[in-house]
1. What are the lysines whose alpha-carbon lies under 28 Å from the alpha-carbon of B:Lys67, with same-chain residues fewer than 8 places away excluded?
2. Using Cα-only point scatterers and the Debye equation, what is log10 of I(q)/I(0) for chain A at each q in 0.09 Å⁻¹, rounded to two decimals?
3. Work out the FRET efficiency for A:Thr246 and B:Val233 from their Cβ-Cβ distance, taking R0 = 60 Å, and round it to the nearest 0.05.
4. What accessible area, summed over both chains, is buried at the B-A interface (1.4 Å probe, Å², nearest 100)?
5. Got a number for the accessible area of B:Lys7? Probe 1.4 Å, square angstrom, nearest 10.
6. Could I have the simple spin-label model distance between B:Glu117 and B:Leu13, label points 7 Å from Cα toward Cβ, reported in nm to one decimal?
7. Rounded, prolate or oblate for the stretch A:1-67? Axes are the square roots of the Cα gyration tensor eigenvalues, ordered a ≥ b ≥ c, and the cut-off for rounded is a/c under 1.5.
8. At q = 0.11, 0.12 Å⁻¹, what log₁₀ I(q)/I(0) does the protein assembly as shown have when each alpha carbon counts as one equal point scatterer in the Debye sum?
Amino acid sequence: MLIIDAKNVDFYYSDFHALKNINIEVEKNKVIALIGPSGCGKSTFLRLLNRMNDLIDGTRMTGSILVEGENIYAPNVRVDELRKKVGMVFQKPNPFPKTIFENVAYGLRVNGNTDNTFIEERVIESIKSAALWDEVKDKLNKSAFALSGGQQQRLCIARALAISPKVVLMDEPASALDPISTAKIEELIYELKKDYTIVIVTHNMQQASRVSDKTGYFYLGELVEFDDTTKIFTNPKEYSTQNYITGRFG
Amino acid sequence: MKRFLEKFVEGALLISGSVTSITILLIIIFLFKEATGLFNSPVVEEGYVLAMNKSNPVKKLNSYQIKHIFDADITNWDEVGGKEEPIEVVRLSDLTNYYTEEELGADFENIPAKASELTASRPGIILFLPEQYIAKNFDGTLLSKETMQPGDFFGGTEWYPTASPSPQYGLLPLLLGTLWVSLGAILLSLPFGIAVSVYLAEIASMRIRNILKPLVELLAGIPSVVYGFFGLVVIVPFLQETFKLPVGETALAGSIVLGIMALPTIITVAEDAMRTVPRAIKEASLALGATHWQTIYRVIIPYSKSGITSAAVLGIGRAIGETMAVLMVTGNAAVIPHTLLEPVRTIPATIAAELGEAPVGSGHYEALFALGCILFLITLVISISIEFIGRKKY
Ligand SMILES: Nc1ncnc2c1ncn2[C@@H]1O[C@H](COP(=O)(O)OP(=O)(O)O)[C@@H](O)[C@H]1O
Ligand SMILES: [Mg+2]
């Protein structure tokens, strides 16, 4: 079954036509990379998948996006429920001004979980999944701001994983990090694939080719090409894709 | 030439800066200098003396004791540290009970001698006389050099500056009145102010916000007499009706009026704090499936805690120093309040109401300055704590 199925998606910021007729199908437990030059609409598309663009005034979407077969833009959909299913990691680490533990527990608490043993188990599990456990196990009650940027980003990943989403959206999760942290995050994405479907925006070509199964190339609001990653990087159909991945522009 | 001009401007700025600082400093020094005069002012009404029998072991009385002796609340010397001996209070007019008018003389020329004689003959006497009737060789203990003690002011439970023979300058009723009214004001306005600022910062659409925000700020510009007048004709009768009070002018009325006056400050400061919550953190919360309300009370309010605290403290600051409106609605009874439904009197209201009638340099006048110092110290503590809160960030 398709976990994400976007059909004929058009999106507008007021008058600006930011996405033009996007069609993407994503299978379960795959990593999808979205690449393309700055301003081409990658983040915009990603934020459509958990309806984050609802927060911006004057936006409009046509077409449909199905997650696990349900149209997430149907009128009776509860956005908070959707976001529990489709988690998100942002470009810059954005931990809450709370302890490390409470950062990860947050999603569980707003979900109405009050069972402290369950919360504790889940928090530890999530931090372990985010490959952060060894570094923070002694300071779970310290402020999240005491961590390095790379650690903070992995904490944000742990936070997203804690509520057991089906899909994890990542918007350039390593762009603000040093090479070592970046490598750790890439490794982590590879691990997470077993349990989650991941859609990752990146403008790092090597990263896309290393971590993803399928790659979509966006250009000026259009999805120029969407195919297996190996194919995109070795034998792209479109001239524009080839130009971009060989670094002739972007 | 240009260099010279720059130096000149620099110098002018330096001078105006120092002049301002020095002026402020001088005002503070003046305030405290006048205030300390209180502790050199006599316990006994100016121009009068108190006299007691020489055998009486009590050689000192504070103003509180004197007042209660003359009010006949204290009737025995053992209550003020003396022997068991009934107190016999004698005022100038009472001398006719002991002596005939002939004995006192047609022009009262014998009063000094008779006063001395009376004091010497009656062990329990306390005599209250104008200074001029005290003979050179007066036979008794004179209480003329006694001055007000810090305890009379800081620990005094009565404010009665025109009491005779010993005026009462007790700080406590006024201080408590001020604190009660201000505390009540903040308890009323803080929840409401935070609710409004949450609404403005998070819920209201841009259009509504653009109408409401200036309206709230307009509230801050209304003169306080107008608030006082509003309180007097609306809130005071309302309270009197609802609580079936003998008078509606109560601490609660003051709190309500001050609460309304503090709202604009609280709303503006708290709303600004909430708007500084980074978008990234709000999005993080929403992306984890939190609803808008959960985001407000789990992320936005905790994140703007220090801003909200400054709002509260600024609101209190406004309330504590406010004079006019409070003067109009609190009933101005200088008694220690037990509930919010009693009349109280605040420090600023006291100063405003009494400074005009206190003779310059008198104990009363100096006591009002001492009140001013207390008010100054309270607001100083408040502004220091704002600094402190403002600096404390995550
Ligand atoms: N909030 C917004 N309001 C208006 N235009 C926006 C907004 N966010 C993004 N855009 C525009 O939409 C286009 C796509 O942006 P984005 O999806 O952020 O690009 P990318 O992530 O690929 O760099 C850009 O031209 C950008 O200027
Ligand atoms: Mg982007």
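The values are calculated or read from the model by the stated rules, or taken from the named source; none is laboratory data. Keep in mind that this is a model prediction, so the values were computed, not measured. Cβ placement follows ideal geometry from the backbone for every residue including glycine, while neighbour counts extend to all protein chains displayed. Ligands, DNA and RNA are stripped out before the accessible areas are found, and what is left, the full protein with its side chains, is counted by its heavy atoms. Shrake-Rupley method; radii C 1.70, N 1.55, O 1.52, S 1.80 Å.
1. B:Lys33, B:Lys54, B:Lys59, B:Lys83, B:Lys114, B:Lys136, B:Lys145
2. Debye output, listed in q order: -0.39.
3. 0.15
4. So the buried area, both faces added, is about 1800 Å².
5. 120
6. It works out to 8.2 nm between the two label points.
7. Cα axes put the stretch A:1-67 in the prolate bin.
8. At q = 0.11, 0.12 Å⁻¹ the computed log10 ratios are -1.08, -1.17.
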